[in-house]
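The values are calculated or read from the model by the stated rules, or taken from the named source; none is laboratory data. Note that this is a predicted model, so its numbers are computed, not measured. Reconstructed Cβ throughout: ideal geometry from the backbone, glycine too, with neighbour counts over all protein chains shown. Side chains are part of the model used for accessible areas, which takes the heavy atoms of the whole protein and leaves out ligands, DNA and RNA. Shrake-Rupley method; radii C 1.70, N 1.55, O 1.52, S 1.80 Å.
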Amino acid sequence: MKKLILLLALFLFTFQTFAHVGGHGTPSKSWNLLNSKKTIQADFLEKEADLVYLIDENNQVLEFKINDFTTNDQNYILEKANWISLKNTPQETGNRFLINDINVFLFVGLALFLFSIFTIKRLPKINFIAYSTLGMIALLIGCKNNSGIEKLKMATNNISVLKSVFGVFDKVTTRHDDTYFYIESDGIPEHEMMTGITNWQQQVPINHDYSGDNAWAIPLQPELATTSLSTKDNFMKGAIAIAANGIPIFNPLNNRGEDANIIGELDKWGGHCGRADDYHYHLPPTHLQTKVGANKPIAYALDGFPVYGETKAELDENLGRFTSDSTYQYHAVKEYPYLITAMKGNVKINPRTQAPENEIMPQAKTKGIRPDLRPLRGAVITNFENTEPQQYSLTYTLDSLVHVINYGWKNGNYSYEFINPDGTSKKANYQRK
């Protein structure tokens, strides 16, 4: 019986210690401000420089300076900020087995339950029932914490705002359900493409069916992640955001971990084609700002948070900031890392992919119609024209000689003509399956 009492005491202590870390349900802490008699009931969210962010029971993000708080609250803020920083720092695990706070109840519960099973013949019936019951309770608490601890809901995305951003472009259509806002397009932007590329993989932009079950999806309910996943170490496959014109935005690093902009792979608009002849950006499409309007997002990240153009406001290490309307937003900068150094929001990872070439789910798929080619060293794309609907002409120079590719598609049939500097040419035809 003494062992049972000791076990109960330990269980209650660990429950108080680990069951709640803030940000779920009714706020757990009262805050007293030095220049106000008002007490604020809110949970700690984040500290950035001398700014402190809290979140109240209405999911409103509150911004203060750390000097606004009492000494006790300042100490609490610093302790929480250090704890969060530690959790966001990769740990060298080696061969050690680490138990984090989220899984304490799962381990305790499993240990109790297994102990009761393996000692069923030696334990009195009442002790067996007590141990197994405590184990099941701990497992349930652990499962509940484990499913919710990583998520802190922010303000829901305003559907009318989303429609106003993506609705500016005639080639983009949108729809939504209770979970996602869907963006449909043909993968071809309205602006010119490809000119300015000096490191070319011989791919040219063709249409892709981003519609129906293959549409791009933006979460309507963004959730902050406990650990922000770095785009330097993740997401080198697939998109990390969707531009307002329905074109995907990939990691600024290519799948070899190189700055695609610095090595000449991108055109004047920050985009190029992948191996499936799919056009996408690797830089924030700030040129869309004039079309969507000032103070509006130019894109939405796949974690549900908007991406804005450049700003003079102070940004955090993820190139984002909390806003007065209870959400979070990323911003573009001129130099690498350009946008989204880490995903602030919670995202699902394709289990069939591994870092750094992992990808966020859901992810629209592309399908090429011809074999992918290798880089054509020394080639510079000098001109790209949309000669008529679904017909294009690309001009490039190689060793001061001019080459032309005329290509297009109709009813799923794709035709290419490769014109050499001496006027000779060859043709190729493909069909989308």
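Considered as an equivalent ellipsoid built on the Cα gyration tensor, segment 323-433 has semi-axes of 38, 20, 16 Å, the largest given first.
In this label model, N383 and K29 are separated by 6.4 nm, measuring between points 7 Å along each Cα→Cβ vector.
Quick one: grab the alpha carbon gyration tensor of segment 201-288, order the square roots of its eigenvalues as a ≥ b ≥ c, and give me rounded if a/c is under 1.5, else prolate or oblate depending on whether a/b is larger than b/c. Judged from the Cα gyration tensor, segment 201-288 comes out oblate (a/c at least 1.5, b/c at or above a/b). Relative to the 2.2 N^0.38 Å rule of thumb, segment 158-308 has a C-alpha radius of gyration ratio of 1.01. Projected label points at N255 and S415, each 7 Å from Cα along the beta carbon direction, are separated by 3.1 nanometres.
For segment 239-326, the spread of Cα coordinates along the three principal axes comes to 41, 28, 22 Å, biggest extent given first. Of K171/K268; K291/K433; K237/K296; K153/K312, which pairs sit farther than 31 Å apart, going by alpha carbon to alpha carbon? In this structure, K291/K433 lie more than 31 Å apart at Cα. Give me the base-10 log of I(q)/I(0) for segment 167-248 at each q in 0.19, 0.22 Å⁻¹, Debye formula, one uniform scatterer per Cα, rounded to two decimals. For segment 167-248 at q = 0.19, 0.22 Å⁻¹, log10 I(q)/I(0) is -1.02, -1.17. Between A294 and M136, the FRET efficiency from the beta-carbon distance, with R0 = 56 Å, is close to 0.50.
Each peptide in 241-247, 410-416 was scored by the mean count of other Cβ atoms within 10 Å over its residues; highest first, the order is 241-247, 410-416.
Charge dipole (Cα centre; +1 on Lys/Arg Cβ, -1 on Asp/Glu Cβ; no other charges) of segment 353-428 amounts to roughly 260 debye. Per residue, the solvent-accessible area of segment 260-362 (1.4 Å probe, heavy atoms of protein chains only, all protein chains present) comes to 41 Å². FRET efficiency for the pair E310 and V168, taken as 1/(1 + (r/R0)^6) with r the Cβ-Cβ distance and R0 = 22 Å, rounds to 0.70.
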